[in-house]
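The values are calculated or read from the model by the stated rules, or taken from the named source; none is laboratory data. Model, not experiment: these values are computed from the prediction.
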Amino acid sequence: MSTKLKKKYKIHFSSLRDLINSWNLIPDSPPDEFDSVNHMCLSFLYRGADEFKLQEAIHHELSINYGFSIDKQESELLTKQVIEWWLDNK
């Protein structure tokens, strides 16, 4: 990974972390609690994945890996926020 790309990734990572933490999924959790969601989202976004694939990944990560009771509509709303963030920040 080039230095320029690493720098851009770090900026994206920090900004997306702020968005994900604003969801307040676990009140008072440490700021890095959902970094795996952050990495996963950025990986999908950098590879140009469509909204459906990103939504499925977010749903899986939060429901299976974190154990949240989250329905598809909630996943869709979170995904739309990530997509909107990406369009504003890429």
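Miscellaneous remarks
- Of the numbered criteria (1) modelled with pLDDT of 95 or more; (2) closer than 18 Å to residue 21 by Cα, the one residue 56 fails is (2).
- Residue 68 within 23 Å of residue 90 (Cα to Cα) and among the hydrophobic types (A, V, I, L, M, F, W, C): no
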